[in-house]
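Just below is one structure, and these are the notes that go with it.
The values are calculated or read from the model by the stated rules, or taken from the named source; none is laboratory data. Please read all numbers here as calculations on a predicted model, not as lab measurements. Here the Cβ is made from the backbone with ideal geometry for all residues, glycine too, and neighbour counts use every protein chain on show.
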Amino acid sequence: MKKDVIYQTDAISGLKTLDSESIDCIVTSPPYWQLRDYGNEELLWGGNEQCVHEFDYRKTCLKCGGWIGQLGHEPVREMYINHLLMIFCECQRVLKKTGTLWVNLGDSYSKPYKYNYANGSKLGSEKNRYSLKDMKVNHLAYRIASKSLCNIPGLFAEEMVRNGWILRNEIIWHKTSCIPASVKDRFTVDFEKLFFFTKKEKYYFAQQFEPYAMSTLGRYKHSYSAKGGKNAVYRNKYGAPRGFLEINPNGRNKRTVWRIDAGNSKYMHFASYPPKLIETPVKAGCPAGGVVLDPFTGSGTTAITAKRLGRHYIGIEPNAAYVEICKQRLKNLTDN
């Protein structure tokens, strides 16, 4: 199997070319539901490829039930989640038994009509490139009231667990500098979720640490004793509590709220996550010299981070413009 390569194809097709149990770690962020048009070729999801299709207004074939479109453009969230499960089923196949999977996924709000990039717009064109999509989605007809959060991350995590994945952590990415919101009837959202899954109960994991809080350091200077901290009734029933006898020089076990600047990139990609967000998953979930896969490579942040941290990478990305950006970034890393 080739390593340190970016395949220009869609996630499903790219994953099917990879050997079973060949990947140590997967770190990725799929397109969010009903948010953006990346200009990718529309694919047939489900159904029968040999069918002479007759598509309705939702782009669903009346004969075989297949749906044609880009991932993230599905008319209902249940269909979107089902398509994600199809992709992560292939991820489950290619991941080693000791492998880890990390998925960054954001939510979206229900609106009577969703906005997106205008048809025919070019990557990096003028600022005004939004227009109503041709296919308008009536979310109310699918049990999601207008203005409601769609609960995509929660629904995704639930279905992943039902399909055999082990959910080890739900991590909160707190964006210390988020995009301001113009809304006045709710709070500004300044976080996204990162899910940590495994295939098996036993897997590769390198413990990660963070600094102790100053108040904790003060408490750890003095361990608990039988004469303090708990009363006599408690000590008689449960025994004398015992505190930490020494402070770990590495710090405390890393928590699940990660405060990281969303950052800016000079490269034109509208949904890239910052390298700092995925440094911990790569360090914790992939051994040195192992292979990190990103089936939604985008501008290549996962590949760049994996290479910088001494791991191999495999990327899958259908958009030719993003593939070129990724290759240029990798070249710049090598040149420097």
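Selection of first residues in the stretch 62-73 that are more than 27 Å from Ser29 (Cα to Cα) and of second residues that are part of a loop (DSSP other than H, G, I, E, B) and aliphatic (A, V, I, L, M), restricted to Cβ pairs under 8 Å at least 6 apart or on distinct chains, gives the following pairs, ordered by first then second residue: Lys63/Val52.
Residues in the stretch 1-45 that are within 30 Å of Lys111 (Cβ to Cβ) and hydroxyl-bearing (Ser, Thr, Tyr) were compared, and the one that is surrounded by the fewest Cβ atoms within 10 Å (Cβ to Cβ) is Tyr32.
Evaluating Lys16 against the criteria (1) modelled with pLDDT of 90 or more; (2) among the basic types (Lys, Arg); (3) more than 22 Å from the chain's Cα centre (by Cα) leaves one unmet condition, (3).
Of the residues in the stretch 296-308, at least one is touching a Lys or Arg at 6+ places or on another chain (Cβ under 6 Å) and crowded, with 24+ Cβ neighbours inside 10 Å. Looking only at residues of the stretch 247-260 that are at pLDDT 90 or above and part of a loop (DSSP other than H, G, I, E, B), we find that the one that is surrounded by the most Cβ atoms within 10 Å (Cβ to Cβ) is Lys254. Total residues in the stretch 2-19 satisfying the condition of being in a loop (DSSP other than H, G, I, E, B) and in contact with a strand residue (DSSP E or B) (Cβ under 9 Å, 6 or more places away or on another chain): the figure is 8. The condition of being in a helix (DSSP H, G or I) and either at pLDDT 95 or above or not assigned by TED's automatic domain parsing to the domain that holds Asp107 (or both) holds for only one of Phe205, Phe156, Phe244, Phe196, that being Phe156.
Quick one: count up the residues across the stretch 162-188 that are surrounded by 14 or more Cβ atoms within 10 Å (Cβ to Cβ) and either assigned to a loop (DSSP other than H, G, I, E, B) or outside the structural domain of Ile26 (by TED's automatic domain parsing) (or both). The total comes to 2.
Candidates in the stretch 43-60 are the residues that are in contact with a strand residue (DSSP E or B) (Cβ under 6 Å, 6 or more places away or on another chain) and not in a loop (DSSP other than H, G, I, E, B); of these, the one that is nearest to Pro30 (Cα to Cα) is Trp45.
Table: residues versus (1) in contact (Cβ under 8 Å) with a residue 60 or more places away in the chain; (2) in contact with a His (Cβ under 9 Å, 6 or more places away or on another chain); (3) in a strand (DSSP E or B).
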site: Val292; (1), (2), (3): yes, yes, yes
site: Phe296; (1), (2), (3): yes, no, no
site: Ser299; (1), (2), (3): no, yes, no
site: Ala303; (1), (2), (3): yes, no, no
site: Gly310; (1), (2), (3): no, no, no
site: Tyr313; (1), (2), (3): yes, no, yes
site: Pro318; (1), (2), (3): yes, no, no
site: Ile325; (1), (2), (3): no, yes, no
site: Asn332; (1), (2), (3): no, no, no
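Lys63 meets the conditions (1) within 24 Å of Leu277 (Cα to Cα); (2) basic (Lys, Arg); (3) not in a strand (DSSP E or B) in every case but one. The failed one is (1). Kindly establish whether Asp134 is in the same structural domain as Pro287 (by TED's automatic domain parsing), modelled with pLDDT under 95, under 23 Å from Val27 (Cα atoms) and of a type in the set (Asp, Glu). It is false that Asp134 is in the same structural domain as Pro287 (by TED's automatic domain parsing), modelled with pLDDT under 95, under 23 Å from Val27 (Cα atoms) and of a type in the set (Asp, Glu).
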